[in-house]
């Protein structure tokens with residue numbers, strides 16, 4: 001894993017979240033919810049309109065859910081996502097005074113927030129060790145051989161990778177895996193001949 005971290009750091013020196021939240025924690029909370037089964041690029045586009053109309057968490061918490069639905073419709077599952085966004089912003093403002101909590105236990109209380117989004121928030125907002133076990137992470141690390149490729153359980157993947165990845169590298173590694181998964185190790189046609197991880201990849205070795 002140390003080799004993987006080093007090679008990906010060399011290829012992608014600027015690891016950053018591809019959700020454009022402008023450093024505002026509540027925006028990443030909202031965008032994380034919208035990102036389920038939706039591309040980050042689409043979430044970024046939709047949220048420009050969403051945050052222009054509702055520029056604060058309080059504004060979103062007080063917004064008619066129908067107005068939120070109309071804007072987030074392109075992200076899919078729009079009714080559920082709109083209700084969750086309104087609910088999580090209300091919880092953030094009414095219970096936490098607008099300050100996003102910094103523990104997994106507290107973050108999981110927010111509507112629509114599972115371990116993946118909670119880890120994204122812990123890593124990006126609070127710089128804590130956090131493995132975001134999204135589809136890219138699960139696919140790529142399975143191919144590399146850190147666990148059987150057929151393992152698709154995000155929590156098991158998270159635990160496995162947390163145990164072997166330096167804490168300070170975990171959050172950035174996950175951002176780099178997203179870039180690598182779009183660029184080289186794609187789902188359907190991985191470009192193995194161009195891959196900088198050939199020497200440490202179990203699938204390539206086969």
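The values are calculated or read from the model by the stated rules, or taken from the named source; none is laboratory data. Since the structure is predicted, the reported quantities are computational estimates derived from the model, not experimental observations. Because the Cβ atoms are built from the backbone with ideal geometry, glycine has one as well, and the counts that use them run over all protein chains shown.
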Scan of the range 15-58 for residues that are part of a loop (DSSP other than H, G, I, E, B), in contact with a helix residue (DSSP H, G or I) (Cβ under 6 Å, 6 or more places away or on another chain) and farther than 23 Å from residue 126 by Cβ, ordered by number: 38, 54
Counted residues, the range 184-194 - those being outside any helix (DSSP H, G or I) and more than 18 Å from residue 135 (Cβ to Cβ): 0
Selection count, the range 100-152, where residues are farther than 23 Å from residue 4 by Cα and either part of a loop (DSSP other than H, G, I, E, B) or touching a helix residue (DSSP H, G or I) at 6+ places or on another chain (Cβ under 7 Å) (or both): 18
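Residues 181, 199: which one is within 23 Å of residue 120 (Cβ to Cβ), at pLDDT 95 or above and assigned to a helix (DSSP H, G or I)? Step through it out loud before you land on a result.
Working: 199 fails: within 23 Å of residue 120 (Cβ to Cβ).
Exactly one residue qualifies, and that residue is 181.
Take residue 105 and decide whether it is surrounded by fewer than 16 Cβ atoms within 10 Å (Cβ to Cβ), more than 21 Å from the chain's Cα centre (by Cα), over 13 Å from residue 29 (Cα atoms) and in the same structural domain as residue 30 (by TED's automatic domain parsing). I'd like the intermediate steps shown before the answer.
On the way: surrounded by fewer than 16 Cβ atoms within 10 Å (Cβ to Cβ): yes; more than 21 Å from the chain's Cα centre (by Cα): no; over 13 Å from residue 29 (Cα atoms): yes; in the same structural domain as residue 30 (by TED's automatic domain parsing): yes.
So residue 105 does not fit the description; no.
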Test result for residue 70, assigned to a helix (DSSP H, G or I) and not assigned by TED's automatic domain parsing to the domain that holds residue 155: yes
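Matching residues to (1) without any contact (Cβ under 8 Å) to a residue 40 or more places away in the chain; (2) farther than 17 Å from residue 17 by Cβ:
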{"site": "69", "(1), (2)": "yes, yes"}
{"site": "83", "(1), (2)": "yes, yes"}
{"site": "105", "(1), (2)": "yes, yes"}
{"site": "121", "(1), (2)": "no, no"}
{"site": "139", "(1), (2)": "no, yes"}
{"site": "143", "(1), (2)": "no, yes"}
{"site": "146", "(1), (2)": "no, yes"}
